[in-house]
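Chemist: I am attaching a structure below and will ask some questions about it afterwards.
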Amino acid sequence: MPTPGRAPMNTARILAYGALGLPLAFAALPIYVHVPRFYAEVTGMSLALLGLILLGARLLDAGIDPWLGWLADRVPRRRMLALALLPFGLGFVALLNPPAEGAALWLLGALALTYLGFSAATVAYQAWGADVGSNSGLRTRLTAAREGFGLLGVVLAAALPSVLAAGMNEGIARLSWLLPPLLLLAAAVSFYGVPAGPAAPMSREPLLASLRRVFAEQAFRRLLLVFVANGIAAALPATLFLFFVADVLQAEAASGPLLALYFIAGAASLPLWVRLAARHGRVVAWLLAIALSIAAFAGASLLGPGDLWAFAAICLASGLALGADLALPVAIAADLGERQGQAGACFGVWNLVAKLNLALAAGLSLPLIGALGYVPGGGTGLAALVFAYALLPLAFKLLAGALLWRWRTSLELQS
């Protein structure tokens, strides 16, 4: 029997909900991967100024997530999501079409607009999924649909620039004009195909009181600690992937296909993890994924020039584990947020931690390998690169697995 106030969610509605994940992820890849090199080459901006602007914008972006989550508990989720898509789309087009003069101010303004829209849309979208999901299993399926479409968006964004133009920079600029129609189409599918869900009670708590209530939940604190350890383990190789392929494997041209293999494997594995979670519980399924990732990645430190097929197998296996990392912890967080009656606040904190994971990984790994003598393209310090790319993530994965195993009973009961 469906929960009162909730329309039944069949497979078509679950897929309709997930559709909006595609354009959100489609834009995220260029924002985080292509923008630094694009602005350095197209506008001639100095790397020092570029780095300062990017760092400031990313810290601001991460810092507003808890406030956006608090706001999402005070306004209708769908209204907030719809309103956020406008600055997101406009900012993204502006970001990848800079003027000849005043590029620094343009970059700062376009990043601020894009990040604000993207973060607000993401928090509201996640909270909406918690609203329409009537139970843990359904929230897991909704999360898997959202992340599956998101992975398809990442693959599209990675492949299209070379299709749209002969030069990468021109292809990226043209890519920006594809986002507005993609957003309109996906938003129409999601808004018309998915019920609004029961009206969430509007919280009147001030921001700090709301955040204190989020962190007062022991299960949520434990989940965050596992998420941090597991997130750093994933973010470290993501930060160093291109360096490893180019300098250790000496196969720079294979970077694109290897990334595509990784993300496609992640998308393909999502139904498997959903079924395993339904049968054995989400914590057990997540533990299996962590074990698979550890087993797959353990051999990366033994690779050298020409070991392309062995590394492709590692990308395939770790990509399969990625599906669980994307779907299961967020689904558990959705349950905890729904039970607290403030899913928006929980996801605001969750997204803040996810962004800090990426920042911490870059802030930890890049200075470390530089201090240990690694020079990109120079053939020196490769042992430091291998340590940071292959061995350090294993330590964090083992920590995440140990914490998850220790707290498995409380987290499974809460989920």
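Chemist: Report, by residue number, each residue of region 217-252 that is more than 17 Å from the chain's Cα centre (by Cα), over 25 Å from ALA343 (Cα atoms), in a helix (DSSP H, G or I) and of a type outside the set (Gly, Ala, Ser).
Modeler: LEU242, PHE243, PHE244, VAL245, ASP247, VAL248, GLU252
Chemist: Additional query: Note down all Cβ pairs under 8 Å where the first residue falls in region 95-109 and is more than 21 Å from ALA28 (Cα to Cα), the second is among the aromatic types (Phe, Trp, Tyr), and they're at least six residues apart or on different chains.
Modeler: PRO99/TRP106
Chemist: Turning to a different aspect of this structure: Pick from GLY153, GLY129: which is at pLDDT 90 or above and under 21 Å from the mean Cα position of the chain (by Cα)?
Modeler: The match here is GLY153.
Chemist: Say whether the condition of being under 30 Å from LEU85 (Cα atoms), open to solvent by 20 Å² or more (accessible area, probe 1.4 Å), out of contact with any Pro (no Cβ under 6 Å at 6 or more places or on another chain) and polar (S, T, N, Q) is met by at least one residue in region 239-248.
Modeler: Looking for residues that are under 30 Å from LEU85 (Cα atoms), open to solvent by 20 Å² or more (accessible area, probe 1.4 Å), out of contact with any Pro (no Cβ under 6 Å at 6 or more places or on another chain) and polar (S, T, N, Q), one finds at least one in region 239-248, hence yes.
Chemist: Starting from region 12-34, keep only residues that are free of Cβ contacts under 8 Å to residues at least 40 places away in the same chain, then list their pairs with residues that are open to solvent by less than 20 Å² (accessible area, probe 1.4 Å) and hydrophobic (A, V, I, L, M, F, W, C) whose Cβ atoms are within a distance under 9 Å, requiring at least 6 positions of separation or different chains.
Modeler: These pairs meet every condition: VAL33/ALA157.
Chemist: So which residues in region 77-107 are outside any helix (DSSP H, G or I) and either closer than 13 Å to ALA120 by Cβ or among the hydrophobic types (A, V, I, L, M, F, W, C) (or both), if there are any at all?
Modeler: LEU96, ALA100
Chemist: Just to be sure before I move on: is ALA390 farther than 28 Å from VAL248 by Cα and either without any contact (Cβ under 8 Å) to a residue 12 or more places away in the chain or crowded, with 19+ Cβ neighbours inside 10 Å (or both) in the structure I sent?
Modeler: no
Chemist: Would you point out the residue of region 338-388, among those that are closer than 17 Å to ALA235 by Cα and of a type in the set (S, T, N, Q), that is farthest from the chain's Cα centre (by Cα)?
Modeler: Among them, the one singled out is SER365.
Chemist: Pairs needed: first member in region 299-320, among the aliphatic types (A, V, I, L, M); second member anywhere, not in a helix (DSSP H, G or I); C-beta distance under 9 Å; at least 6 residues apart or different chains.
Modeler: As it stands, the answer is LEU303/LEU249; LEU308/LEU249; LEU308/ALA251; ALA310/LEU303; ILE314/LEU303, since those pairs meet every condition given.
Chemist: Which of the residues that make up region 72-94 are buried (at least 22 other Cβ atoms within 10 Å of the Cβ) and more than 21 Å from the chain's Cα centre (by Cα)?
Modeler: Matches in region 72-94: ASP73 only.
Chemist: Then there is this: Suppose we filter ALA345, ALA285, ALA321 for residues that are under 18 Å from THR140 (Cα atoms) and surrounded by 24 or more Cβ atoms within 10 Å (Cβ to Cβ); which single one remains?
Modeler: ALA321
Conditions tested, residue by residue: (1) surrounded by fewer than 24 Cβ atoms within 10 Å (Cβ to Cβ); (2) over 17 Å from LEU259 (Cα atoms).
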| position | (1), (2) |
| --- | --- |
| ALA120 | no, yes |
| VAL123 | no, yes |
| ALA127 | no, yes |
| SER136 | yes, yes |
| LEU142 | no, yes |
| VAL155 | yes, no |
| PRO161 | yes, no |
| LEU164 | yes, yes |
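Chemist: Based on this model, can you work out whether LEU60 counts as open to solvent by 20 Å² or more (accessible area, probe 1.4 Å), more than 30 Å from PRO206 (Cα to Cα) and not β-branched (Val, Ile, Thr)?
Modeler: no
Chemist: Could you go through region 326-342 and let me know if any residue there is in a helix (DSSP H, G or I), touching a helix residue (DSSP H, G or I) at 6+ places or on another chain (Cβ under 9 Å), of a type in the set (A, V, I, L, M, F, W, C) and open to solvent by 40 Å² or more (accessible area, probe 1.4 Å).
Modeler: Yes, some residue in region 326-342 is in a helix (DSSP H, G or I), touching a helix residue (DSSP H, G or I) at 6+ places or on another chain (Cβ under 9 Å), of a type in the set (A, V, I, L, M, F, W, C) and open to solvent by 40 Å² or more (accessible area, probe 1.4 Å).
Chemist: Name the pairs: first residue in region 350-369 and without any contact (Cβ under 8 Å) to a residue 60 or more places away in the chain, second residue open to solvent by less than 30 Å² (accessible area, probe 1.4 Å), Cβ to Cβ under 8 Å, at least 6 apart or on different chains?
Modeler: LEU368/ALA384; LEU368/ALA388
Chemist: Looking at ALA40, ALA48, ALA12, ALA57 in this structure, which one is on the phi < 0 side of the Ramachandran plot, assigned to a helix (DSSP H, G or I) and modelled with pLDDT of 85 or more?
Modeler: Within the list ALA40, ALA48, ALA12, ALA57, the selection yields ALA12.
Chemist: Ok, one more. Does LEU258 satisfy the condition of being aliphatic (A, V, I, L, M), open to solvent by less than 60 Å² (accessible area, probe 1.4 Å), over 28 Å from LEU364 (Cβ atoms) and part of a helix (DSSP H, G or I)?
Modeler: no
Chemist: Continuing with the same structure: For residues that are buried (at least 21 other Cβ atoms within 10 Å of the Cβ) and in contact with a Phe, Trp or Tyr (Cβ under 6 Å, 6 or more places away or on another chain), scanning just region 21-57, find the one that is farthest from ALA144 (Cα to Cα).
Modeler: ALA27
The values are calculated or read from the model by the stated rules, or taken from the named source; none is laboratory data. Remember, predicted model here, so these are calculated numbers, not experimental data. Virtual Cβ from ideal backbone geometry, glycine too; neighbours counted across all protein chains shown. SASA here: full protein model, heavy atoms, side chains in, ligands and nucleic acids out. Shrake-Rupley method; radii C 1.70, N 1.55, O 1.52, S 1.80 Å.
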